[in-house]
Amino acid sequence: MARITAGVGSSHIPLLGVAVDQGKTKDDYFTPIFSGYEWTKEWIKGEKPDVIILVYNDHASAFDANIIPAFAIGTGERYKPADEGWGPRPVPDVIGEPDLGWHIAQSLILDEFDMTIINEMDVDHGLTVPLSMMFGQPEAWPVKVIPLAVNVVTYPVPTGNRCWMLGEAIKRAVESYPEDLNVQIWGTGGMSHQLQGPRAGLINAEWDNAFMDGLIGTSDRNRTIPHIEYLRETGSEGIEMVMWLIMRGALGAETRLLHRHYHVPCSNTAVGHIVLEPVS
Amino acid sequence: MSEIKGSVGPVGNQGDIAEYLAELEDIPGTRVYTAARARKGYWLNQFAMSLMKEENRRRWRADEKAYLDEWQLSDDIKQALLARDYNRLLDLGGNIYFLAKVFSTDGLSFLQAVSTMTGMSVTEYKAMMDAGGRSPEGVRSIKGGY
């Protein structure tokens, strides 16, 4: 049987990808950010996950203003890095896992989550930056990836509670897959940041850390945070944190903290990173 | 005063759409990308999206005005684009992730482009970020003033 063995939360700030691609990760600016990922890079070498369900948001790359899926799951064989206006990132293609992807898609629909299914798309920094943070610069990514894209751009976006429930349904879907696979789920984006308007640059370290506290143990208080609270407290783009709740929901009733990291700033944004395992 | 509050009442607490939408307009210096803005800025955002292709970027750089004339855009939008007035573009329904294609084509980073919306120089804005960013104190709510 396939199992979800761990959950990872991480920011997916584009500048982190630039730092990796241009060999700047040991510069003074980036050292305090990347040093917080060293533990995870070592840990994941030992864990050797077969598949990552990578929850992220598309930043107007694969999806334009025309079609806006609330939740979309990738069932393709491979995905190329997107050209976001400055050329595609020099990273390997992302290799999909269509068998498990389709299994999850079908299970979710029967579990009343009516997913959008994507067979061909390019993946942007939201998906490739977390891979770079965890795996560095390999010739090929050492895992297969099932992209799970969430609309956190056009309002209303899914509620945090709905995201948590989707995570719970993903756990059920994975556990009903007969093949013996080691599956991780990653929730990406955040933490506090606002990229628009005169209020841009907003950071709320206290709130971000309280949110991370709420992912640990048996707490489920994060699922009731309304959109307006994310917007007021963590900036207009802080809403990305609802994607961490899909990860948290997929870990079951209780989690154990393995690693945690927080740093301000990276570009306009607070960097948050957490590694959790389910307590069963 | 930054502890997580959560919602009272039904989980999600987002059933009253009029109240929900009104609250989204109650944040100082912020244009939440609502359905109304998405509708208003549809072709602005689709124009920006076209700059994901190198061939289109070349044509845009060669003659911005001519390239804009190929799109169903109001004069307001065209002028704001030519002026790179990002606050105005947000008012006209632009979304920052779409507009990012415009400033990326200009070779600007997110930090450089975002700073232009704050009334600060890039240097001042970067210094604010390096010092821990903008505090939410006093900029959470227009009506509440907190």
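The values are calculated or read from the model by the stated rules, or taken from the named source; none is laboratory data. Only a predicted model underlies this, so the values are computations on that prediction, with no experimental measurement involved. All Cβ positions, even for glycine, are placed from backbone atoms using ideal geometry, and neighbour counts span all protein chains on display.
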Selected residue (only one of A:Asp64, A:Asp28, A:Asp99 is among the charged types (D, E, K, R) and closer than 30 Å to A:Ser176 by Cα):
A:Asp99
Tell me whether the range B:117-132 contains one or more residues that are touching a helix residue (DSSP H, G or I) at 6+ places or on another chain (Cβ under 9 Å) and over 24 Å from B:Asp85 (Cβ atoms).
yes
Note down all Cβ pairs under 8 Å where the first residue falls in the range A:73-94 and is within 8 Å of chain B (Cβ to nearest Cβ), the second is in a loop (DSSP other than H, G, I, E, B) and among the hydrophobic types (A, V, I, L, M, F, W, C), and they're at least six residues apart or on different chains.
A:Ala82/A:Ala62; A:Ala82/B:Met52; A:Asp83/B:Met52; A:Glu84/B:Met52; A:Gly85/B:Leu51; A:Gly85/B:Met52
Filter the range A:48-68 for residues that are in contact with a Phe, Trp or Tyr (Cβ under 9 Å, 6 or more places away or on another chain) and away from chain B (no Cβ under 14 Å); which is surrounded by the most Cβ atoms within 10 Å (Cβ to Cβ)?
A:Val55
Tally time: how many residues in the range B:96-112 are at the interface with another protein chain (Cβ under 7 Å from one of its Cβ atoms) and among the charged types (D, E, K, R)?
1
At pLDDT below 95 and not polar (S, T, N, Q), is that true of A:Gly87?
yes
Would you say A:Thr234 is of a type in the set (S, T, N, Q), over 20 Å from A:Trp43 (Cβ atoms) and surrounded by 22 or more Cβ atoms within 10 Å (Cβ to Cβ)?
yes
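Inside the range A:1-107, counting only helices (runs of 4 or more DSSP H) that do not spill past its ends, which hold 3 or more residues that are within 30 Å of B:Asn56 (Cβ to Cβ)?
A:14-21
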For the range A:238-264, enumerate the residues that are in contact with a His (Cβ under 9 Å, 6 or more places away or on another chain) and either part of a strand (DSSP E or B) or hydrophobic (A, V, I, L, M, F, W, C) (or both).
A:Ile239, A:Val242, A:His259, A:Arg260, A:His261, A:Tyr262, A:His263
